[in-house]
1. On a 0 to 90 degree scale, rounded to 10, what angle separates helix 316-325 from the longest Cα axis of the chain?
2. Specify the inter-centroid distance of the stretch 277-298 and the stretch 5-39, based on alpha-carbon positions, in whole Å.
3. What are the ³J(HN,Hα) couplings of the stretch 60-65, residue after residue, when phi is run through the Karplus curve with 6.51, -1.76, 1.60 and θ = phi - 60°? Round to Hz, x for glycine and proline.
4. Residue by residue, what Karplus-based ³J(HN,Hα) values in Hz, rounded to whole numbers, does the stretch 22-30 have, using 6.51, -1.76 and 1.60 with θ = phi - 60° and x for Gly and Pro?
5. Give me the angle, in degrees from 0 to 90, between the Cα long axis of helix 99-110 and the longest principal axis of the Cα atoms of the chain, rounded to the nearest 10.
6. Could you list which residues have their amide H under 5 Å from that of Asn275, counting only those 5 or more apart in sequence or on another chain, with H placed in the peptide plane?
7. What number, rounded to the nearest 500 deg cm²/dmol, is the helix-based mean residue ellipticity at 222 nm of the chain, given -39500 (n - 2.57) per DSSP H run of at least four residues and division by all its residues?
8. In whole Å, largest first, what are the principal axis extents of the Cα atoms in the stretch 24-171?
Amino acid sequence: MNISCIEHHSDTGWTRPWPDVANPSQALVLVFGSAKTYRDGPGPLQELRAALPGALIAGCSTAGEIAGTRVRDGSLSVAEFASTRLRGAVASCDPGDDSYQEGAALGDRLDEPDPTGVLVLSDGLHVNGSELVRGITGRLGRGLPVTGGLAGDGDRFEQTWVIVDGRPVEGDVTGVGFCGDSVRFHYGSQGGWDIFGNERLITRSEGNVLYELDKRPAFDLYKQYLGDRAEGLRATGLLFPLAIRQDPDDRFLVRSLTFAGDVPEGSWAQLMQANFDRLIGGAEQAAHQARKGAAGPFLSIAISCVGRRLVLGDRAEEEVEVTAECLPAGSHQVGFYSYGEISPYSDGSCDLHNQTMTLTTISEAW
């Protein structure tokens, strides 16, 4: 596997020459950039397409880009590798569309030839991530690892995009299937938040929209805990996500107040708050899970929630430093801060998560 990473900055351009790609039809280029990159025009993406004709280009807008051990804004991070068979697919997910059906359509398009793993990058504002994942895994099967994330737009929640045919497009979902006997596809996902307060019953919800907890308006409960900050709830709610489970024996599923995934009526919810050391420790655990004892080197795709970045502030780079330190020599880490993370649990079942650090490690055996 041949991996290299370059970055693009609006003031200085590309940080290094284009990598040598022996077989562009087997090359994957991952592009993660700020939503502003799209608003200012797709110039850097056009340069990529011209420099690497025939390569599969995938990526999305972000709430910050991860490049090695650094967290950046306003740049593009690129990684490429060759020699694994790749299959790209796209599904539309406009406002009002059925996210389950769009996920099923994407799964159908990625099912041939049989993939070893699938990376999914989705619009971050017009999709129910839980339904999207159910649709994809319903077609591909529970045993196939599906990872990825929802595109971001900082803490603005105004516009997100994914790469389609080398161009930034709003409202779509893209997938990359990694195929062949040589590719190794692993994953890990952890949170690190502390639960506090009483567990409350979700008494009214619809899909990913929460209306009532214990027959009280959900906004009133958050205002009780957040005070004046509740007025900016879409962003400030990220600082106090919900831990949700459907019965006392279930594992918790974390949701933030942006609710990229379902908040099922009849489930139980508790508020969560940040513990800096546990958040960083959770990222390290995710990296150990994703390594799986393999020797590497890896292409590591790190996807962390925007809420984690907002909470960690100046310490955000600590969580990407600990994940990079867990990787074997010769590995490269790229990624982004998202509006939701896609990853399987340890039992292989896949779901949409919030407030986690999720890593996908890809390597090749010869």
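Every number here is computed from the coordinates shown, using simple stated rules; none is lab data. Just so it is clear, the model here is predicted, and its values are computed rather than measured. For neighbour counting, all protein chains shown are included, and Cβ atoms are generated from backbone atoms with ideal geometry for every residue, glycine included.
1. Here the helix axis deviates by roughly 50 degrees.
2. Answer, in whole Å: 26.
3. Couplings: 6, 6, 9, 9, x, 9 Hz.
4. Once rounded to whole Hz, the list reads 5, 9, x, 5, 10, 9, 10, 10, 9.
5. Helix 99-110 sits roughly 20 degrees off the main axis of the chain.
6. Residues meeting the criterion, in which the H sits 1.01 Å from N, are Asp194.
7. Calculated at 222 nm, the ellipticity per residue is -6500 deg cm²/dmol.
8. On the principal axes, the stretch 24-171 reaches 37, 37, 28 Å in Cα extent.
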